[in-house]
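The values are calculated or read from the model by the stated rules, or taken from the named source; none is laboratory data. Fair warning: this is a prediction, and the values are worked out from it, not measured in the lab. Here the Cβ positions follow ideal geometry from the backbone for every residue, glycine too, while neighbour counts run over all protein chains shown. Heavy atoms of the whole protein, side chains included, go into the accessibility calculation; ligands, DNA and RNA do not. Shrake-Rupley method; radii C 1.70, N 1.55, O 1.52, S 1.80 Å.
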Amino acid sequence: MTTAIRAKGLVKSFDQQQNALDSVSLHVDSGEVLVVMGPSGSGKSTLIRTFNGLESLDSGELDVLGIPLDSNYDERHIRRIRRRVGMVFQQFNLFPHLSILDNITLAPIRVQQCQREKAEARAIELLDQMGIVDQVSKYPAQLSGGQQQRVAIARALALDPEVMLFDEPTSALDPERVKEVLDAMRRLAKGGMTMVVVTHEMGFARDVADRILFMDEGKVVETSPPNEFFNNAREEHSRRFLNQML
Amino acid sequence: MLLKPAPLKRIKRNLFSSPFDACVSLLLFFLVGWFLSNTIHWIFVVADWSVVLHNIPLFAFGSYPTDQQWRPILWLSMISILFALTFLAPRQGLLRKSLPLLWIFMLPCGVCLLAGGIGLLAIPSRSWGGLTLTLLLTICSASLALPIGILLALGRQNSLPVIQRSCMFYIDVMRSVPLIAVLFFGQLLIPLFLPHDLEVNRVLRAVVAFALFAAAYIAEDVRGGLQAIPNTQREAAVVLGLSQPQILQFVILPQALRIALPALTNQAVGLLQNTSLMAILGLVELLGIGLSLLANPSFIGRYLEVYVWLAVLYWIVCTAMALLSRHLECQLNPTAASTQPS
């Protein structure tokens, strides 16, 4: 099995007092679903944002799909990574002035020089998979949060990424909308997509994750399979966190 | 559901609900009536409109040669037709898509028609005048000022300190100089610096001066729009692999300009009215025609008629611009655009 992401000693700090990332090392195999959990402010989002260069590194080494990345912040390497790694944000970040169809086809047409007809056919196929093909000509503001997030997933998938990063994809949703997004992600995981998911959804983590990485104060506390993590976590930290959540 | 009361009841409720209200209403009725009757009396009885009626072509085209006046007429009617089309064209379809191009085409079309040269009799710019010149000045300087303003606004956000500082410097200097000074500089001083035989067209000099001045204000309006775009939009675009110019073109600018549109309309209306300053500097645009007519002995003392007429003309053009901008805002509003069945 090949490795999709390998990180060694990642360090990142926003201010002098505390490191957002404190020598984090990890690896993600291709086809694996890694769920990152931890209390807020523990550096989960910062961690996955380093994977596609949204945050620069202070030190440490990253290897994403065979492309090296370190504190030098090489723009060319980052662009090569971004072409192969999709990302879904907490706040959806759809383009409000473009229709759903244009939101999805913008990058395939402008970045991959795809023909418009082909890109649109692919977009409709993806929207169909997400169960929202009837919304194709609407605008983001006319959709519910759950629908918008599914469009965001389709938009990322339109570039045929090899790895998908999810940064708290359900945290901004109404509770009754969470399931439809998680179901879409479940189907994606079943299809063999390599996924790194930052989430607080215990059920999703238990069912879908291959491994759970628990972070606190910028450090990796433990990495375990979900069974082990939820039933008898190794570390005191994780147990306390789980007690609060459940 | 609230039932609509009968008209009489409504009048009673809105205007005469208490003795005090009734007094105020009556007083206002009296004042408005008095004002209206005086105005109407002046318009139809006192005023002598011959100064306007005899000089309609002069107001419209200035001293443009009579046998060539079909050219400005053609241009003005093309603009009017395009204006009507903009409101009447269906929301989707080829016509709607080609409207922006047609509007942009009006600029070179107007310049070519007025100046002539290729197959047409060349008319020097000193015979241009009236409403035609006012519109030409406004359209030319606005379409020159907008791109400069956008570049300045983007430059102000640039990470290179040299570019950022020089854009800020330009904007601050231009905003601290009165427009009339910029125009004087363009009309009177620049010819002194240029060699004798090189004469730059006076209209062109005015257009450049207006554009450079307006660009500073437009830059600040656009900057307001740019700042309203959350950084997450940029992040989303970056993650999709779009390059910096593509992010600007497809994600940032369309949203920023839409936010800045009301402020930009303000600038355009202001620009139109500011073109009247050129009357002082020897271009006979609308106000210039008015001034030269008033200097004519046969129309002596007809100030009120001429200025009321000019006010009406400016009001019509400004209202047209405001309507156009409101229509554009409506068109660009994504939720309104999709109410149309697809």
Mind listing whichever residues of the range B:66-84 are open to solvent by 60 Å² or more (accessible area, probe 1.4 Å) and of a type outside the set (Asp, Glu)? B:Thr66, B:Trp70, B:Ile73, B:Leu74, B:Ser80, B:Ile81
For the range A:170-181, check the following and say yes or no: at least one residue is open to solvent by less than 10 Å² (accessible area, probe 1.4 Å), assigned to a loop (DSSP other than H, G, I, E, B) and within 14 Å of chain B (Cβ to nearest Cβ). no
B:Val207 vs. criteria touching a helix residue (DSSP H, G or I) at 6+ places or on another chain (Cβ under 8 Å), part of a helix (DSSP H, G or I), at pLDDT below 95 and more than 10 Å from chain A (Cβ to nearest Cβ): yes
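Residue by residue, here is whether (1) in contact (Cβ under 8 Å) with a residue 40 or more places away in the chain; (2) away from chain A (no Cβ under 12 Å); (3) within 30 Å of B:Val207 (Cβ to Cβ) holds:
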site: B:Ala279; (1), (2), (3): no, yes, yes
site: B:Phe299; (1), (2), (3): yes, yes, no
site: B:Arg302; (1), (2), (3): yes, yes, no
site: B:Leu324; (1), (2), (3): yes, yes, yes
site: B:His327; (1), (2), (3): yes, yes, yes
Confirm whether B:Ser159 is assigned to a helix (DSSP H, G or I) and open to solvent by 40 Å² or more (accessible area, probe 1.4 Å). no
Scanning the range A:198-246 for residues that are touching a residue at least 60 places away in the same chain (Cβ under 8 Å) and under 18 Å from A:Leu10 (Cα atoms) gives A:Val198, A:Leu213, A:Phe214, A:Met215, A:Asp216, A:Glu217, A:Gly218, A:Lys219, A:Val220, A:Val221, A:Thr223
Yes/no for B:Gln249 being surrounded by fewer than 14 Cβ atoms within 10 Å (Cβ to Cβ) and within 28 Å of B:Val208 (Cβ to Cβ): yes
Mind telling me which of the residues B:Leu151, B:Leu121, B:Leu146 ends up being open to solvent by 50 Å² or more (accessible area, probe 1.4 Å) and outside any helix (DSSP H, G or I)? B:Leu121
Could you tell me whether A:Ala119 is touching a Gly at 6+ places or on another chain (Cβ under 8 Å) and touching a residue at least 24 places away in the same chain (Cβ under 8 Å)? no
Residue that is least open to solvent (accessible area, probe 1.4 Å), among those in the range A:53-84 that are facing chain B (nearest Cβ under 10 Å) and under 19 Å from A:Gly43 (Cβ atoms): A:Gly53
Show the residue pairs that are 6+ apart or on different chains and have beta-carbon atoms under 7 Å apart, the first residue being within the range B:116-140 and under 20 Å from B:Leu281 (Cβ atoms) and touching a residue at least 12 places away in the same chain (Cβ under 8 Å), the second being open to solvent by less than 30 Å² (accessible area, probe 1.4 Å) and acidic (Asp, Glu). B:Gly129/B:Glu285; B:Gly130/B:Glu285; B:Leu133/B:Glu285; B:Thr134/B:Glu285; B:Leu137/B:Glu285
Give all pairs with beta carbons closer than 7 Å in which a residue from the range A:170-181 that is in contact (Cβ under 8 Å) with a residue 40 or more places away in the chain meets a residue that is crowded, with 16+ Cβ neighbours inside 10 Å and assigned to a helix (DSSP H, G or I); count only pairs at least 6 apart in sequence or on separate chains. A:Ala172/A:Gly145; A:Glu180/A:Gly146; A:Glu180/A:Arg150
Matching option when the condition is of a type in the set (S, T, N, Q) and surrounded by 11 or more Cβ atoms within 10 Å (Cβ to Cβ), among B:Ser37, B:Ser17: B:Ser17
Being buried (at least 18 other Cβ atoms within 10 Å of the Cβ), more than 10 Å from chain B (Cβ to nearest Cβ) and touching a residue at least 60 places away in the same chain (Cβ under 8 Å) is the requirement here; does A:Val88 meet it? no
Consider the range B:174-187. How many of its residues are assigned to a helix (DSSP H, G or I) and free of Cβ contacts under 8 Å to residues at least 40 places away in the same chain? 5
Being under 19 Å from the mean Cα position of the chain (by Cα) and either surrounded by 14 or more Cβ atoms within 10 Å (Cβ to Cβ) or assigned to a loop (DSSP other than H, G, I, E, B) (or both): is that true of B:Val200 here? no
Among the residues of the range B:186-197, write down those that are under 13 Å from B:Ile280 (Cα atoms) and open to solvent by 80 Å² or more (accessible area, probe 1.4 Å). B:Leu188
Report, by residue number, each residue of the range A:145-162 that is open to solvent by less than 20 Å² (accessible area, probe 1.4 Å) and under 14 Å from B:Gly241 (Cβ atoms). A:Arg155, A:Ala156, A:Leu157, A:Ala158, A:Leu159, A:Pro161
From (1) within 17 Å of the chain's Cα centre (by Cα); (2) touching a residue at least 24 places away in the same chain (Cβ under 8 Å), pick out the condition that doesn't hold for A:Lys190. (2)
Let me spell it out: the conditions are (1) away from every other protein chain (no Cβ under 14 Å); (2) free of Cβ contacts under 8 Å to residues at least 60 places away in the same chain, and B:Pro230 meets all of them except one. Which number is the exception? (1)
A:Arg6 meets each of (1) open to solvent by 20 Å² or more (accessible area, probe 1.4 Å); (2) away from every other protein chain (no Cβ under 14 Å); (3) on the phi > 0 side of the Ramachandran plot; (4) touching a residue at least 12 places away in the same chain (Cβ under 8 Å) with one exception, condition (3)
All-but-one check, B:Phe61 against (1) farther than 29 Å from B:Val306 by Cβ; (2) surrounded by 13 or more Cβ atoms within 10 Å (Cβ to Cβ); (3) in contact (Cβ under 8 Å) with a residue 12 or more places away in the chain, failing number (1)
Going residue by residue through the range A:201-220, is there one that turns out to be closer than 30 Å to A:Glu125 by Cα and within 14 Å of chain B (Cβ to nearest Cβ)? no
May I ask you to list the residues in the range A:115-151 that are more than 12 Å from every other protein chain (Cβ to nearest Cβ) and either in a loop (DSSP other than H, G, I, E, B) or farther than 25 Å from A:Arg83 by Cβ (or both)? A:Gln115, A:Gly131, A:Ile132, A:Val133, A:Ser144, A:Gly145, A:Gly146, A:Gln147
Taking helices (runs of 4 or more DSSP H) that fall entirely within the range A:1-114, which contain at least 3 residues that are under 22 Å from A:Ala152 (Cα atoms) and hydroxyl-bearing (Ser, Thr, Tyr)? A:44-51
